[in-house]
Amino acid sequence: RRVRPGADYDRLHFCPRHLQLKYFEMQFQLAEASNLPLFLHNRNTRPDFTDVVSRNRDRFGSGVAHCFTGDLNEMRALVDLNLSIGITGCSVKTQDSLDVMQQIPDENLLLETDAPWCDIRPTHAGFKAVKTQWGAVKKEKFEAGRCTKSRNEPCNIRQVAEVVAAHRGMDLEQLVELVYSNAQRMFFPAQ
């Protein structure tokens with residue numbers, strides 16, 4: 001259970017900027033009423049995203065800047081709003097994005113796959129740290145136990161963890177325990 005408001009300026013052909021901002025702002029009413037953690041969707045919306053979240057920060061408890069691909073200043077602004085930062089395969093494409101990921105405070109770090117999107121590809125800067133590979137087949141040749149080619153699968157969360165652990169200089173198990181604790185705190189605070 002979560003709420004996923006946000007904006008996506010890479011998809012303006014589906015919905016213009018002014019409408020996205022109008023309804024992004026309105027979604028905080030739902031967030032306030034539901035009191036659920038927010039998965040905040042942000043694609044290429046700087047500085048609008050941070051401005052809208054900042055104006056509405058008192059209307060929700062916890063939240064994550066989902067599939068973060070921003071720069072260091074944006075990450076710091078979101079952390080200053082006490083948000084977690086979600087790292088996916090899209091978050092480790094460039095050396096600059098790896099550098100930003102290394103600066104996320106431990107208590108604000110979460111991992112996600114964003115399946116079926118955002119797999120870690122050989123062209124990504126973070127790919128060198130991937131240790132685990134699964135066989136993949138074309139979707140027309142589906143086989144149980146194998147991934148579908150060119151589609152991110154939930155099991156690839158391990159690859160995201162491998163990249164993050166390597167670039168933060170952490171043991172994989174240590175990283176997994178850290179993000180598990182962060183996720184528990186966000187999604188199951190009473191337990």
Taking segment 172-190, which residues are outside any loop (DSSP other than H, G, I, E, B), of a type outside the set (S, T, N, Q) and loosely packed, with under 13 Cβ neighbours inside 10 Å?
-> E173, E177, Y180
Out of segment 141-171, which residues are in a helix (DSSP H, G or I) and acidic (D, E)?
-> E162
N44 meets each of (1) open to solvent by 30 Å² or more (accessible area, probe 1.4 Å); (2) under 30 Å from R151 (Cα atoms); (3) at pLDDT 95 or above with one exception, condition (3)
Of the candidates T123, T88, the one satisfying the condition of being hydroxyl-bearing (S, T, Y) and farther than 21 Å from F39 by Cα is T123
Residue check: is G70 open to solvent by less than 20 Å² (accessible area, probe 1.4 Å), in contact with a Lys or Arg (Cβ under 8 Å, 6 or more places away or on another chain), touching a residue at least 60 places away in the same chain (Cβ under 8 Å) and not aliphatic (A, V, I, L, M)?
-> no
Checking R151, R121 in turn, the sole residue that is surrounded by 12 or more Cβ atoms within 10 Å (Cβ to Cβ), within 17 Å of C90 (Cα to Cα), without any contact (Cβ under 8 Å) to a residue 60 or more places away in the chain and in contact with a Phe, Trp or Tyr (Cβ under 8 Å, 6 or more places away or on another chain) turns out to be R121
Answer residue from segment 85-94, given it is open to solvent by 20 Å² or more (accessible area, probe 1.4 Å) and within 15 Å of the chain's Cα centre (by Cα) and is farthest from F68 (Cα to Cα) among those | K93
Filter result (open to solvent by 20 Å² or more (accessible area, probe 1.4 Å), of a type in the set (F, W, Y) and free of Cβ contacts under 8 Å to residues at least 40 places away in the same chain) within segment 1-41 | Y9, F14, Y23
Test: S97 is surrounded by 16 or more Cβ atoms within 10 Å (Cβ to Cβ), in contact (Cβ under 8 Å) with a residue 60 or more places away in the chain, polar (S, T, N, Q) and under 30 Å from R151 (Cα atoms) | no
Criterion: farther than 26 Å from S54 by Cα, aliphatic (A, V, I, L, M) and modelled with pLDDT under 90 - qualifying residue of A129, A136, A165 | A136
Can you name the number of the only condition in (1) open to solvent by 80 Å² or more (accessible area, probe 1.4 Å); (2) touching a helix residue (DSSP H, G or I) at 6+ places or on another chain (Cβ under 6 Å); (3) hydrophobic (A, V, I, L, M, F, W, C) that A115 fails?
-> (1)
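The values are calculated or read from the model by the stated rules, or taken from the named source; none is laboratory data. Since the model is a prediction, treat every value here as computed from it, not as a measurement. Glycine gets a Cβ as well: all are built from the backbone with ideal geometry, and neighbour counts include every protein chain shown. In case anyone asks, the SASA skips ligands and DNA or RNA and just uses the protein heavy atoms, side chains included. Shrake-Rupley method; radii C 1.70, N 1.55, O 1.52, S 1.80 Å.
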